[in-house]
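Report on one structure; see the data block that follows.
The values are calculated or read from the model by the stated rules, or taken from the named source; none is laboratory data. Being a predicted model, the structure only gives us computed values, none of them experimental. Cβ placement follows ideal geometry from the backbone for every residue including glycine, while neighbour counts extend to all protein chains displayed. Note: accessible area is taken over every heavy atom of the protein model, side chains too, but ligands, DNA and RNA are not part of it. Shrake-Rupley method; radii C 1.70, N 1.55, O 1.52, S 1.80 Å.
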Amino acid sequence: MEERERFEQLVAEAWNALPETFREKLENVEVVVEEWPDPETMRRAGVRYRFQLLGFYHGVPLTGRTHNYAMVLPDKISIYRQPIMMRCRNWNDVARMVQRVLRHEVGHYFGLSDERLRELDAY
């Protein structure tokens, strides 16, 4: 199995490991593996260097949606492979980091801020 395929498998396993009560509430969300964040995403995240960003939630959090929220493109959770691989020494580290990053971005989907995620030790 090639490295990218193995990484994508870890992302799928992290998704499946989310508690079912959360997965049931995740509607119209696509999880994608990207090599690096693009400049616009880096700007929106407030980071200067592409290796700093491990994941990003693109969308409108549930807490920010109104009754007019319909017929929109899927929200997207990007998991950035290269920055994660750079921080990890082995595949066990990668698996733990992917799970942590995915849970963090899912937290944003549910409307949790970075500050609140830090308080919950989900950062």
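Does Arg44 meet the test of being in contact (Cβ under 8 Å) with a residue 12 or more places away in the chain, out of contact with any Cys (no Cβ under 8 Å at 6 or more places or on another chain), open to solvent by 50 Å² or more (accessible area, probe 1.4 Å) and more than 15 Å from Tyr109 (Cα to Cα)? Quick ask: steps written out before the conclusion?
Working: in contact (Cβ under 8 Å) with a residue 12 or more places away in the chain: yes; out of contact with any Cys (no Cβ under 8 Å at 6 or more places or on another chain): yes; open to solvent by 50 Å² or more (accessible area, probe 1.4 Å): yes; more than 15 Å from Tyr109 (Cα to Cα): yes.
Yes: the conditions hold for Arg44.
May I ask you to list the residues in region 73-112 that are of a type in the set (Phe, Trp, Tyr) and farther than 17 Å from Thr41 by Cα?
Trp91, Phe110
Taking only region 79-97 into account, find how many residues are in contact with a Lys or Arg (Cβ under 9 Å, 6 or more places away or on another chain), part of a helix (DSSP H, G or I) and within 17 Å of Gln52 (Cβ to Cβ).
The initial filter retains those residues of region 79-97 that are in contact with a Lys or Arg (Cβ under 9 Å, 6 or more places away or on another chain), namely 80-83, 88, 91, 93-94, 97.
Checking the rest, the ones that are also part of a helix (DSSP H, G or I) come to 81-83, 91, 93-94, 97.
Going one step further and asking which of them are within 17 Å of Gln52 (Cβ to Cβ), we end up with 81-83, 97.
Counting residues in region 79-97 that are in contact with a Lys or Arg (Cβ under 9 Å, 6 or more places away or on another chain), part of a helix (DSSP H, G or I) and within 17 Å of Gln52 (Cβ to Cβ) gives 4.
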Quiz prompt | helices (runs of 4 or more DSSP H) contained entirely in region 1-59, each with at least 2 residues that are small (Gly, Ala, Ser) | solution = 3-17
Quiz item: Between a first residue in region 11-22 that is surrounded by 13 or more Cβ atoms within 10 Å (Cβ to Cβ) and a second residue that is of a type in the set (Val, Ile, Thr), which pairs have beta carbons less than 7 Å apart while being 6 or more apart in sequence or on different chains?
Solution: Val11/Val31; Val11/Val33; Val11/Ile79; Val11/Val98; Ala14/Val98; Trp15/Val31; Leu18/Val106; Phe22/Val106
Practice problem: Scan region 18-43 for residues that are farther than 20 Å from Ala95 by Cα and either aliphatic (A, V, I, L, M) or at pLDDT 95 or above (or both) and jot them down. | Solution: Leu26, Val29, Asp38, Pro39, Glu40, Thr41, Met42, Arg43
